[in-house]
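The values are calculated or read from the model by the stated rules, or taken from the named source; none is laboratory data. Everything numeric here is computed off the predicted structure, so don't read it as measured data. Please note: Cβ atoms are built from the backbone with ideal geometry, for glycine as well, and neighbour counts cover all protein chains shown. Areas reflect the complete protein model, heavy atoms only, side chains present, ligands, DNA and RNA absent. Shrake-Rupley method; radii C 1.70, N 1.55, O 1.52, S 1.80 Å.
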Protein chains: 2
Amino acid sequence: MVAIDQQLSVIRRGVSEIIPEADLIEKLKLNRPLRVKAGFDPTAPDLHFGHTVLLTKLKQFQDLGHEVLFLIGDFTGMIGDPTGKNVTRKPLTREAVIQNAETYQKQVFKILDPARTTVMFNSSWMGTKTAADLIRLASLSTVARMLERDDFSQRYQQGQSIAIHEFLYPLLQGYDSVAMEADIELGGTDQKFNLLMGRELQRHYGQSPQVVITLPLLEGLDGVHKMSKSLGNYIGIADSPTEMFGKIMSISDELMWRYYELLSDLSLVEIAILRTSATQGTNPRDIKIQLAREMVTRFHSSQAAETAHQDFVNRFQQGLMPEVREQVVLEIPTGGMPLANVLKMAGLVETTSEGLRAIDQGGVRINGEKITDKNFRVQPGTKHTYQVGKRRFADIHLHLQTLKS
Amino acid sequence: MVAIDQQLSVIRRGVSEIIPEADLIEKLKLNRPLRVKAGFDPTAPDLHFGHTVLLTKLKQFQDLGHEVLFLIGDFTGMIGDPTGKNVTRKPLTREAVIQNAETYQKQVFKILDPARTTVMFNSSWMGTKTAADLIRLASLSTVARMLERDDFSQRYQQGQSIAIHEFLYPLLQGYDSVAMEADIELGGTDQKFNLLMGRELQRHYGQSPQVVITLPLLEGLDGVHKMSKSLGNYIGIADSPTEMFGKIMSISDELMWRYYELLSDLSLVEIAILRTSATQGTNPRDIKIQLAREMVTRFHSSQAAETAHQDFVNRFQQGLMPEVREQVVLEIPTGGMPLANVLKMAGLVETTSEGLRAIDQGGVRINGEKITDKNFRVQPGTKHTYQVGKRRFADIHLHLQTLKS
């Protein structure tokens, strides 16, 4: 296996904490593939780049010769949210769990090596436990210990209710580590408390406690907030090549370096070389293109990356699109309006026929995408960049026509 | 069935709280035997009068035509104390539970009517529950609600640890009420929180919530502290007739009235008559004798009560024993000493032979109990009242002989 020092340098990259590093070194000295656990929510998986920070780290472990235990937490998922307060957490059926697991695998094996990955379901050990077993498990921790968890203590102090079963979930997650005989568990910094519970329970069950490695939460496109679906600042791993490429090109230079550290397959040395080249005059945009191509290649293909790159260059990089464009505000009826008419109203063409001809010849783009359908209708309530030929641009705001009095 | 007003007057007698009385009246109006639940600890049963407050109330319900559900909480008993901190709470085996249940029945059927009693074991419904079932149950209450319980809140505030499973026990007890479809649950005032949990859970499961009736904790012989084995201020229901009679005769007049209210089969009217007679000059001692006879009859027989009464009279009531007796301190060797020798050393007889003759003729008593064995040895470390014939008394303190230097 790879020398311990080298392994440590790979493992340390971009992580928040290794608890404790001394234990990690002891485990690496065992010179056998370590069992690296990571738990995933069994609800409909639709991963974004935020999730891939963890997956990327897991892949690094695999590249070092270790084994990934990919845990799908279906036991509690099949219970659902028993308080019934959260309507979005309906109990999952076994069929849904299996289907979600397949979707997961399709997604995560774009990063992970299937040959070094074991997919596990915690229902396979929790499903056979009795109420008495759970009481014994519950006896292994205390109320005070649970109230040390940040979110519990805040809710308790603010008088927000905490249902008793919420105190059981960290114990279940900890027990998973026992059942899986995990050597290492990875998770986000927000999971630290639960990951440490695994250490406590393994110790109780006479196992060597797992090393806990926490990973930072990835910032979204805005560079400020945690990447999340609900904030809309995410890059989905199912995004189209063009979309993914464009989103990566939109991030700040600073965030680009962070994405390199947390997501790229480039080594730290290679990244350092890129940084040096940037200080010596390389346009950061070109370094960003390299990241965008790597990511599109990872989740689609190198060909898709090439196309997306060309597409991006065609649209934004040939120096054709002016930074400042004419802003046009138009009112159109509820049902929308044919594109050619809008082009004429905005003054981008002289006549509707010229507009139709331009569409027909492939000379018309909306937000850089070519429109060749002469019957294409545009809708009110939109704002896009329209282009005719190589030089004519306008941002057209289409408002809904107000009733004439 | 008995008129509701009359039933209420019986039910109200001596109880601490009826929660809520309006619900009780509604239930009584159903005009059917109500299901009256009471839970008992499955550990080795050895009941004292403190426990019989509850049993006496249950018997009153039976006399009114209701059904007693006598619950043995064996499910948690068979788990034991899972923290392992309490060495005295080893898990009970099924055999031990069954044996304890038999011992219970032998004891409680001295008060309860077996024909109107159903003995239940909560393992019969909890034993088949899964961990997932328990999680759902745990979701029905909150951490804040549990911390309202006096002992939990005190322990939490004082930094004493509360294991998570302790929060599950009130829920289990509450769920028992659901499984048993209890109309009423009785318990000590210290059980109020857990009894109310039964109401909450029944409501959740669509049942009419049980009426909670709490009973005071009986004071022990000292009239101050709660009766308990560990304080030594108890009357065991397995105490010998003589012992039981003597202990009852030792309580204060005030405590006697409390015992009458909580333990006697006399109606409140009959007790009121006794009170009046006491104010009109009846010696309270005679009223106490009546209570002592009732209790010995209950737990042994009327014949045993008669004998214990006579015995008591012989010992303490024929005016023979002086209030102030000579105090004698003697030192005797480790192995003890023949009774006759002690009598001589204390000056109660002139010679050892006279002592032996007195024993032989039945003229020697220790604490009122006749000793007729001439070989009887007394032991160091004791203090008893010795009597020879009708007039000679002494309290003899026997210390262990110290080594002569």
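Return a yes/no flag: does segment B:372-381 have any residue that is touching a Lys or Arg at 6+ places or on another chain (Cβ under 6 Å) and either on the phi < 0 side of the Ramachandran plot or open to solvent by 80 Å² or more (accessible area, probe 1.4 Å) (or both).
Scanning segment B:372-381, I find no residue that is touching a Lys or Arg at 6+ places or on another chain (Cβ under 6 Å) and either on the phi < 0 side of the Ramachandran plot or open to solvent by 80 Å² or more (accessible area, probe 1.4 Å) (or both), so the answer is no.
Mind listing whichever residues of segment A:214-229 are in contact (Cβ under 8 Å) with a residue 40 or more places away in the chain, of a type in the set (A, V, I, L, M, F, W, C) and open to solvent by 40 Å² or more (accessible area, probe 1.4 Å)?
Answer for segment A:214-229, where residues must be in contact (Cβ under 8 Å) with a residue 40 or more places away in the chain, of a type in the set (A, V, I, L, M, F, W, C) and open to solvent by 40 Å² or more (accessible area, probe 1.4 Å): just A:217.
Do we have any residue at all in segment B:317-325 that's open to solvent by less than 70 Å² (accessible area, probe 1.4 Å) and in a helix (DSSP H, G or I)?
Yes: segment B:317-325 contains one or more residues that are open to solvent by less than 70 Å² (accessible area, probe 1.4 Å) and in a helix (DSSP H, G or I).
For segment A:259-279, give me each residue that is open to solvent by 70 Å² or more (accessible area, probe 1.4 Å), among the charged types (D, E, K, R) and in a helix (DSSP H, G or I).
A:270, A:275
Over 25 Å from the mean Cα position of the chain (by Cα), without any contact (Cβ under 8 Å) to a residue 60 or more places away in the chain and closer than 18 Å to residue A:145 by Cα: which single residue out of B:134, B:147 fits that description?
B:147
Filter segment A:230-246 for residues that are in contact with a helix residue (DSSP H, G or I) (Cβ under 9 Å, 6 or more places away or on another chain) and closer than 15 Å to residue A:218 by Cα; which is surrounded by the most Cβ atoms within 10 Å (Cβ to Cβ)? Lay out the reasoning, then the answer.
Of segment A:230-246, the ones in contact with a helix residue (DSSP H, G or I) (Cβ under 9 Å, 6 or more places away or on another chain) are A:234-246.
This time we only want the ones that are closer than 15 Å to residue A:218 by Cα, so: A:234-237.
Working: A:234: 22, A:235: 27, A:236: 17, A:237: 21.
This residue is A:235.
Please name all residue pairs, on different chains or six or more residues apart, with Cβ atoms under 6 Å, provided the first residue is in segment A:35-59 and is without any contact (Cβ under 8 Å) to a residue 12 or more places away in the chain and the second residue is in a helix (DSSP H, G or I) and open to solvent by 10 Å² or more (accessible area, probe 1.4 Å).
So the pair list comes out empty.
Inspect all residues belonging to segment A:200-213 and state whether any of them is more than 24 Å from the chain's Cα centre (by Cα), open to solvent by less than 20 Å² (accessible area, probe 1.4 Å) and within 14 Å of chain B (Cβ to nearest Cβ).
Yes: one or more hits.
Determine if segment B:184-198 includes at least one residue that is at pLDDT below 95, of a type in the set (S, T, N, Q) and surrounded by fewer than 21 Cβ atoms within 10 Å (Cβ to Cβ).
Scanning segment B:184-198 turns up at least one residue that is at pLDDT below 95, of a type in the set (S, T, N, Q) and surrounded by fewer than 21 Cβ atoms within 10 Å (Cβ to Cβ).
Would you list the helices (runs of 4 or more DSSP H) that sit entirely within segment A:125-178 and hold 2 or more residues that are within 15 Å of residue B:168 (Cβ to Cβ), open to solvent by less than 10 Å² (accessible area, probe 1.4 Å) and facing another protein chain (nearest Cβ under 10 Å)? Please lay out each step first, then the result.
Values: elements: A:131-138, A:143-146, A:150-157.
Counting at least 2 such residues, we get A:131-138, A:143-146.
So, of the residues in segment B:94-124 that are aliphatic (A, V, I, L, M) and part of a strand (DSSP E or B), which turns out to be farthest from the other protein chains (Cβ to nearest Cβ)?
Ranking the candidates gives B:119 first.
Identify, please: which residue in segment B:382-392 is without any contact (Cβ under 8 Å) to a residue 24 or more places away in the chain and not basic (Lys, Arg) and is, among those, most open to solvent (accessible area, probe 1.4 Å)?
That would be B:384.
Kindly indicate the residue of segment A:44-62 that is out of contact with any Gly (no Cβ under 8 Å at 6 or more places or on another chain) and of a type in the set (A, V, I, L, M) and also farthest from residue A:117 (Cα to Cα) among those meeting that condition.
A:44
Residues of segment B:326-342 being assigned to a loop (DSSP other than H, G, I, E, B) and in contact with a Lys or Arg (Cβ under 6 Å, 6 or more places away or on another chain), which ones? Explain how you work it out, then say what you get.
Looking only at segment B:326-342, we keep the residues that are assigned to a loop (DSSP other than H, G, I, E, B), and these are B:326, B:333-336.
Listed by number, the list holds a single entry, B:336.
So, of the residues in segment B:179-196 that are in a helix (DSSP H, G or I) and either farther than 21 Å from residue B:216 by Cβ or basic (Lys, Arg) (or both), which turns out to be farthest from the other protein chains (Cβ to nearest Cβ)?
Per the criteria, the residue is B:192.
Which of the strands (runs of 3 or more DSSP E) found entirely inside segment B:343-401 contain at least 3 residues meeting this: not β-branched (Val, Ile, Thr)?
B:382-388, B:392-400
Checking the condition modelled with pLDDT under 90, out of contact with any Asp or Glu (no Cβ under 7 Å at 6 or more places or on another chain) and away from chain A (no Cβ under 14 Å), which residue from B:70, B:40, B:49 passes?
After applying the criteria, what remains is B:40.
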